[in-house]
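Step one of this worksheet: look at the structure below.
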Amino acid sequence: MDSLALLFNLFLDGVATGAVYSLIAVGFSLLWWLADIQHLAHGGITLTAGYAIFFVVASLDLPLPLGIVAGLAVAALLGLALEAGVYQPMRLRGSTEMALLTASLGALIVIEYSLTLTFGPESVSIDSGSLRTPLLPDMLRAVDRFAAITVGVTLAVFAGLAALIRYTMLGKAMRAVAENAALAEVVGLRVLRVQRMAALLAAALVTPAAALLLYGNGVTPSDALHVVLTAATIAIIGGRGSIGGALLAGLLVGIVEAVMQWQFSVGWRLLSTFGLLYLLLLWRPQGLFGSKA
Amino acid sequence: MNYAIHILITVNIFVLLALALDLLVGYAGLMSLAHGAFFGIGAYSTALLTKAGWPALAAQSAGMLLAALLSGLIAIPSMRVRGIYLLIITIAVQIMFSVAAQNWIGLTGGDAGLANIPPYSIFGYALRGVYFLVVCTACSVFWFLLCRRLTTSPFGRLLRALRDDEVGCAALGKNVVAAKMAVFAFSAALAAFSGSLFAHYTAYVDPRSFEIGVSILVLLMVMLGGAGTLTGPILGAIVLSVLPEAFKFLPLPPGAAAASRQLLFGLMLVLVVYFRPQGLIGRRRSQIATHG
Amino acid sequence: MDSKSTAVLEIVDLHKHFQGIVVLQGVSLSVRRGRITALIGSNGAGKSTLLNLVSGGLQVDRGVIYLNGQEISALPAFARARLGLARTFQHPRVFPSLTVLESVRFAATAPREEGLLRNLVSARANTEERLYESLRLCGLEHKSGVAAGDLSYGEQKLLMLAQVLANDAEFLCFDEICAGLEPDVVGLVKEMFVKLATLGKSILFVEHNLELVREIADWVVFLHSGEVFIEGHTTAVLENPEVVRLYLGQ
């Protein structure tokens, strides 16, 4: 395949990867916007969901939908446990931002190494087999059923999330709390409850992403930090709390990372993501679509 | 006997790292996970330069200078961003260092690392074993006293005020940016100093010793002991250098020991900030006044 | 009227808007040296915004600001402070982990004494006189060892004042310094203003307490709808029928 075709396929690959990143990032962005929580453990929750699905599908040999349910349940429980059991009590006690960040970091490490001890340090994945056969000829080889599913699922989830935020009571409550938590409390909204719902939502959102990762490149415990870092980077680039921003920034990061492989070896790939972030933070800390804090 | 010397040298190396991070975390209130990288810069600089024939002290100084300059990469954005933004930048710097150490094979030897680093020598005398320990201990004492002088000085007061309220500092004419750059540079240089000692001691460096895990461990030492006290992080360094040794006596399967240790560190991080955020010997800070 | 040499602060045609809402439209005024100037107006008239623009907390959209004849519009807040401008804030802004004495020492220390390298070599002590004088004037000399975060609301405001005094700046901006203070403490503040004037300081203060304005201000600027409606000697402005109609009568 000639160089241009390779580039183009890398681009499409990047779109698919970026879509998965966006799914993970949007949950992070939501929690940050709503509860001012920088939930580093989010990466751990994503991987845990992946491992849950793997366990159900590969080890117990049950159909995928059950795996997804298991993933959702595990992720939701874990997310809720952290929010209600760790973050909320600390916030209510007036813990400093640094203390909360440290707690989140600690939780991430606990999750990562619990997974390592349970499943081993090696990567696990599920073969996506026939989904990988290309749908289109040579130039667009990267477009296979799996990629199409990835993009489709992502768009569906984002559409659903946008609708939830805009049209449902929960969405309105979340927006009120994000705008002014103290005022929302006065008006009768139960802020703690809303924040817990957000944690549940964020955890639920990563489950499809975890599934896509599992069937794609696989999941490894040591990925935990990288996953959440990418998510945080995307959330920052897209703007805290911006759903559209998370999607666009995720695609951007995915594409840039993939295209970098055209010229640079995989090891340097991370440089592009962080380079992007660095420049953005110098120029426009509120991100592409965020408003000034 | 040799085992005891090994432990004590390790303790000293971590004491220096903990002191360096405490200046940032405990006094200036800036969270950083980049110290593994600065540690590594000191180590690799020493490795490369002493193998090329440089005297140990010159190589060490070069490493310190390089780390101080690199810290500017973090300090500059810290003017405009703080909290998690800053943390992510420090993580980014740390990871980029790891990536460079692994992939810039021509310079660092990649995963294979650099071996046969000459021992620490002053005026031509190579220092090993117990003599090296004496030097390390003297260094720890020296840097502790220096840090204590700094933190009890007007500069230290400026750092504490900065941590409380940057805008208030600016309103009184203080140059917040310059102060942050200065403390980052000093902290990075001290971490690099420690890295040099490490390189001379182990005579071998590879990327694995300077990954984000080290940064996290040092953070735990600081938080466990009590950020902002200097003596607290020293205690934390002692405890957490000795504790992993205890793991070696437990009957665990090979890979599990390392993972269990990390799991424990993570758990300790959460427990410390949850139950006793001021650490073992710190005191609770006053609540921040509401500014409306 | 006033040449630049007698105006310590000069503002020319200042404009500021926030997300489409115009807060200040073409404000020009000058504060004469040694004068106590009050800035009054209804909420939302732009008083605090003006103060923030002067001190450097906000950037101007259009217009120029001069301090002692030097243009400061592009300077960051700390640089303006070094040129002799000090301010207090509407809500008590102190350093919670510093003690009262440390706070005042901090405010009094020149920035060049606080460099890292300098303090590695030798740390010199401050002259204590001015510090205790500042604390005494604010009634806080008995609380010198208390952490600022542990003080009451009123005490924190007084500490903010003490810091400004210790800082020894020549142009002072106060933003509703008397809000939330007990009457006897307000009396203390009044005395301090008078003392500052005798020391040759120039003061610009935002205030809703008109009795205070009447008692200590030499000059009053009435801000209305983002513009200077009228300015002049205290009694003249406060008894102006338009001012009464637009602001005082409420």
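The values are calculated or read from the model by the stated rules, or taken from the named source; none is laboratory data. For clarity, every value in this text was computed on a predicted model and none was experimentally measured. Every residue, glycine among them, receives a Cβ derived from its backbone with ideal geometry; neighbour counts consider all protein chains shown.
Of all residues in the range C:226-246, those satisfying the criterion of being closer than 17 Å to C:Thr49 by Cβ and either among the β-branched types (Val, Ile, Thr) or out of contact with any helix residue (DSSP H, G or I) (no Cβ under 9 Å at 6 or more places or on another chain) (or both) are C:Glu227, C:Val228. Looking only at residues in the range C:220-246 that are buried (at least 20 other Cβ atoms within 10 Å of the Cβ) and not aliphatic (A, V, I, L, M), which one is farthest from C:Leu29 (Cα to Cα)? The selected residue is C:Gly226. What about A:Met174, is it free of Cβ contacts under 8 Å to residues at least 12 places away in the same chain, over 27 Å from B:Ala92 (Cβ atoms) and among the aliphatic types (A, V, I, L, M)? So A:Met174 does not fit the description; no.
Filter the range C:57-91 down to the residues that are assigned to a loop (DSSP other than H, G, I, E, B), farther than 20 Å from C:Gln163 by Cα and touching a residue at least 40 places away in the same chain (Cβ under 8 Å), then identify the one that is farthest from the other protein chains (Cβ to nearest Cβ). Out of the qualifying residues, it is C:Gly69.
Screening B:Gly168, B:Gly173, B:Gly156 for residues that are of a type in the set (Gly, Ala, Ser) and on the phi > 0 side of the Ramachandran plot leaves exactly one candidate, B:Gly173.
As a summary of the residue check, B:Ala170 satisfies the conditions (1) buried (at least 21 other Cβ atoms within 10 Å of the Cβ); (2) within 16 Å of the chain's Cα centre (by Cα) except for the one numbered (2).
Number of residues in the range C:104-114 that are touching a Leu at 6+ places or on another chain (Cβ under 9 Å) and either at the interface with chain B (Cβ under 8 Å from one of its Cβ atoms) or more than 24 Å from C:Leu204 (Cα to Cα) (or both): the value is 6. Please pick out the residue among C:Val31, C:Val94, C:Val54 that is away from chain B (no Cβ under 14 Å) and either surrounded by 23 or more Cβ atoms within 10 Å (Cβ to Cβ) or at pLDDT 90 or above (or both). Within the list C:Val31, C:Val94, C:Val54, the selection yields C:Val31.
Residues of the range B:80-123 that are more than 14 Å from every other protein chain (Cβ to nearest Cβ) and among the hydroxyl-bearing types (Ser, Thr, Tyr): B:Tyr120, B:Ser121. The set of residues in the range C:231-245 being of a type in the set (Val, Ile, Thr) and over 12 Å from C:Leu39 (Cα atoms) consists of C:Thr235, C:Val243, C:Val244.
If you filter the range A:243-273 down to residues that are away from chain B (no Cβ under 13 Å) and not in a helix (DSSP H, G or I), you find that the one that is surrounded by the most Cβ atoms within 10 Å (Cβ to Cβ) is A:Gln261. May I ask you to verify whether C:Val64 is within 18 Å of C:His17 (Cα to Cα) and surrounded by fewer than 16 Cβ atoms within 10 Å (Cβ to Cβ)? Yes; evaluated as a whole, the condition is true for this residue. The set of residues in the range C:154-192 that are surrounded by fewer than 21 Cβ atoms within 10 Å (Cβ to Cβ) and closer than 20 Å to C:Thr6 by Cα comprises C:Asp168, C:Glu170.
When the helices (runs of 4 or more DSSP H) confined to the range B:42-160 are screened for residues that are within 22 Å of the chain's Cα centre (by Cα), those reaching at least 2 such residues are found at B:56-75, B:84-103, B:129-151. Taking only the range C:154-187 into account, find how many residues are assigned to a helix (DSSP H, G or I) and either in contact with a Gly (Cβ under 6 Å, 6 or more places away or on another chain) or among the β-branched types (Val, Ile, Thr) (or both). Counting residues in the range C:154-187 that are assigned to a helix (DSSP H, G or I) and either in contact with a Gly (Cβ under 6 Å, 6 or more places away or on another chain) or among the β-branched types (Val, Ile, Thr) (or both) gives 3.
Residue under question is B:Ser78, and the condition is that it be buried (at least 20 other Cβ atoms within 10 Å of the Cβ) and either aromatic (Phe, Trp, Tyr) or at pLDDT 85 or above (or both); does it hold? Considered against the rule, which asks whether it is buried (at least 20 other Cβ atoms within 10 Å of the Cβ) and either aromatic (Phe, Trp, Tyr) or at pLDDT 85 or above (or both), B:Ser78 comes out as no. Within the range A:162-172, the residues that satisfy the criterion of being surrounded by 12 or more Cβ atoms within 10 Å (Cβ to Cβ) and out of contact with any Gly (no Cβ under 9 Å at 6 or more places or on another chain) are A:Leu170, A:Gly171, A:Lys172. A:Val15 passes every criterion in (1) buried (at least 21 other Cβ atoms within 10 Å of the Cβ); (2) part of a helix (DSSP H, G or I) apart from (1). The set of residues in the range B:155-176 that are more than 7 Å from chain C (Cβ to nearest Cβ) and over 21 Å from A:Glu97 (Cα atoms) contains only B:Gly156. Out of everything in the range B:190-211 that is among the aliphatic types (A, V, I, L, M) and touching a Gly at 6+ places or on another chain (Cβ under 6 Å), what residue ends up being modelled with the highest pLDDT? Restricting to residues being among the aliphatic types (A, V, I, L, M) and touching a Gly at 6+ places or on another chain (Cβ under 6 Å), the top hit is B:Ala192. Just checking, which of B:Ala67, B:Ala52, B:Ala62, B:Ala126 is in contact (Cβ under 8 Å) with a residue 24 or more places away in the chain and either away from chain A (no Cβ under 14 Å) or more than 25 Å from B:Val11 (Cβ to Cβ) (or both)? After applying the criteria, what remains is B:Ala67.
For every residue, the table says whether it meets (1) more than 20 Å from C:Lys201 (Cβ to Cβ); (2) not assigned by TED's automatic domain parsing to the domain that holds C:Ala148.
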position	(1), (2)
C:Gly46	yes, yes
C:Asn52	yes, yes
C:Tyr66	no, yes
C:Ala108	no, no
C:Arg112	yes, no
C:Gly115	yes, no
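Scanning the range A:221-242 for residues that are on the phi < 0 side of the Ramachandran plot, within 13 Å of chain B (Cβ to nearest Cβ) and in a loop (DSSP other than H, G, I, E, B) turns up just one, A:Arg240.
Annotation note: of A:Arg175, A:Arg196, the sole residue that is surrounded by 15 or more Cβ atoms within 10 Å (Cβ to Cβ) and modelled with pLDDT of 85 or more is A:Arg196. Being touching a residue at least 60 places away in the same chain (Cβ under 8 Å) and within 11 Å of another protein chain (Cβ to nearest Cβ) holds for only one residue in B:Gly232, B:Gly236, B:Gly228, B:Gly266, and it is B:Gly228.
Of all residues in the range B:183-223, those being more than 19 Å from B:Leu87 (Cα to Cα) and away from chain C (no Cβ under 14 Å) number 18.
Checking each residue in the range C:92-109 for being among the polar types (S, T, N, Q) and either out of contact with any Phe, Trp or Tyr (no Cβ under 6 Å at 6 or more places or on another chain) or part of a loop (DSSP other than H, G, I, E, B) (or both) picks out C:Ser97, C:Thr99, C:Thr109.
Of the residues making up the range C:137-144, one or more are closer than 30 Å to A:Thr96 by Cβ, among the aliphatic types (A, V, I, L, M), more than 8 Å from chain B (Cβ to nearest Cβ) and part of a loop (DSSP other than H, G, I, E, B).
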